[in-house]
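Chemist: First the structure, which I've put down as structure tokens, then a few questions once you've had a look.
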Amino acid sequence: MVTRFLTLSVALFVLRAVPSQAQEPPTLAVFPTIVAESAKGDMEKSRLDPQELSRQLEESIRSARRFKLFERSAEVLQKSVRTEQEFARSGQALNNAAEVGRLSNVQFIAQPLITQSNLSIRRMQREETPGQYRYRAGASLTVTLKVLDTTSAEIMYQVTREVSLPSANDLGNRFSGPSDDGAVRTSAWSRISGAAASQLTNGMIGAMDPIKVIDAQGSSIFVNRGEGAGIAPGEVYQIFSIGTALIDPVTKEKLGEAEELLGEVEVVRVNPKFSVTRAKGTLGGQVKPGDVLRSKH
């Protein structure tokens with residue numbers, strides 16, 4: 001799978017500080033995916049479910065463990081509410097689904113928007129097994145993700161990603177029948193939605209809650225990301241030394257912290273709750289807890 005970055009537009013404005021792991025994580029809801037007019041024709045022609053992207057995005061954000069995630073699908077909420085109300089009326093529970101009223105208090109909304117979608121399926125006869133086929137899928141997907149502050153409607157973060165599956169992407173031997181086209185499309189769409197969700201989640205969390213150094217021992221630099229949190233062995237990040245706070249002399253507002261680029265580090269091991277990185281080359285200073293890792297892209 002090949003992933004390309006089309007554009008990166010980060011609008012942080014007055015980014016609210018995200019609590020540390022010891023505090024209650026901020027609340028977030030992923031809203032149903034919107035399909036732009038420019039992508040509707042291709043999506044409908046290929047019979048693709050845009051909400052697969054929302055589901056994959058929720059799973060990716062949940063795995064990162066940086067937000068408390070709440071449901072925002074009207075269909076899911078309706079079914080869940082009715083089930084819970086029936087359970088409550090049966091006398092088996094003291095509380096009912098009215099509790100979901102608290103879901104309106106999420107701090108952030110993540111809104112995905114598909115602006116381009118293209119999916120092509122190639123079916124080739126297997127010479128060695130007449131009547132069976134080999135399927136390959138090529139696909140591209142362009143998605144914009146906006147994260148909004150529910151109290152002010154500010155755009156806290158915005159990014160556009162273009163993700164591609166190469167035309168030579170072989171879907172393996174699971175699909176070999178003459179009528180497997182639909183299943184192949186579903187599988188390819190799930191793959192590309194997952195790739196887009198991963199990229200969007202990593203970008204969002206990297207801006208709102210960047211990877212931070214826990215400790216440095218010898219050549220090992222320990223960071224606060226683990227399995228399922230969007231970090232993988234072999235990935236390379238830039239590491240920044242965090243300095244003093246920057247204060248606006250007029251408004252006295254804290255604008256952030258001074259940062260100095262130290263160099264690059266590579267992820268060498270991912271544990272359940274933390275990861276280990278090592279410097280690539282010589283770093284331009286001493287690494288300390290609280291220093292930040294950022295994607296090179």
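Chemist: Step through the residues of region 55-62 one at a time and calculate ³J(HN,Hα) from phi using the Karplus curve (6.51 cos²θ - 1.76 cosθ + 1.60, θ = phi - 60°), rounding each to whole Hz and writing x for Gly and Pro.
Modeler: Going residue by residue, I get 5, 5, 5, 4, 5, 5, 5, 4 Hz, with x marking Gly and Pro.
Chemist: For region 178-297, take every pair of Cα atoms, bin their distances at 5 Å starting from 0, and report each bin as a whole percent.
Modeler: 2, 10, 18, 19, 14, 11, 8, 7, 4, 3, 2, 1, 0, 0
Chemist: Continuing with the same structure: With each pseudo-label sitting 7 Å past Cα toward Cβ, what's the Gln116-Leu261 distance in nm, one decimal?
Modeler: Those two pseudo-labels are separated by 2.8 nm.
Chemist: How far apart, in nanometres, would the label points at Ser190 and Thr151 be if each is projected 7 angstrom from Cα along the Cα-to-Cβ direction?
Modeler: 4.0
Chemist: Another question, if that's okay. Please list 269-281, 190-202 highest first by mean number of surrounding beta-carbon atoms within 10 Å per residue.
Modeler: My ranking of the peptides, most packed first, is 190-202, 269-281.
Chemist: Accessible area, 1.4 Å probe, largest first: how do Leu293, Leu69 sort?
Modeler: Correct descending sequence by accessible area is Leu69, Leu293.
Chemist: I've got another one for you. Taking a point 7 angstrom from the Cα of Glu227 along the C-beta vector, which residues in region 245-279 have backbone N less than 15 Å away?
Modeler: Flagged as within label range: 269-276.
Chemist: If ligands, DNA and RNA are left out, what is the accessible area of Arg126 with a 1.4 Å probe, given in Å² to the nearest 10?
Modeler: Here the residue's solvent-accessible area equals roughly 20 Å².
Chemist: List the residues, sorted by chain then number, that are 5 or more residues from Lys212 or on another chain and whose placed amide H is less than 5 Å from its amide H.
Modeler: Those qualifying (amide H under 5 Å, at least 5 residues apart or on another chain) are Asn224, Leu293.
Chemist: Under 5 Å between amide hydrogens, which residues at least 5 positions from Glu257 or on another chain qualify, with H placed 1.01 Å from N in the peptide plane?
Modeler: Those qualifying (amide H under 5 Å, at least 5 residues apart or on another chain) are Leu246.
Chemist: Which pairs in the list Lys40/Lys296; Lys146/Lys288; Lys68/Lys296; Lys45/Lys296 are over 30 Å apart, alpha-carbon to alpha-carbon?
Modeler: With Cα atoms farther than 30 Å apart: Lys40/Lys296; Lys146/Lys288; Lys45/Lys296.
Chemist: Still on this model: So what J values fall out for region 127-134 if you push phi through Karplus, 6.51 cos²θ - 1.76 cosθ + 1.60 with θ = phi - 60°, rounded to Hz, Gly and Pro as x?
Modeler: The phi angles translate into 5, 7, 9, x, x, 10, 10, 10 Hz.
Chemist: Another question, if that's okay. Going by amide H atoms built from the backbone, whose H comes under 5 Å of the H on Lys273, apart from near neighbours?
Modeler: Amide H to amide H, under 5 Å and 5 or more residues apart or across chains, Lys273 pairs with Glu227.
Chemist: Checking the cross-link filter: which aspartates and glutamates have an alpha carbon closer than 13 Å to that of Lys280, excluding same-chain neighbours under 8 positions apart?
Modeler: Result set, ordered by chain and number: Glu235, Glu264, Glu266.
The values are calculated or read from the model by the stated rules, or taken from the named source; none is laboratory data. Being a predicted model, the structure only gives us computed values, none of them experimental. Positions of Cβ are backbone-derived with ideal geometry, glycine not excepted, and every protein chain shown enters the neighbour counts. Just the protein is used for accessible areas: all its heavy atoms, side chains included, with ligands, DNA and RNA removed. Shrake-Rupley method; radii C 1.70, N 1.55, O 1.52, S 1.80 Å.
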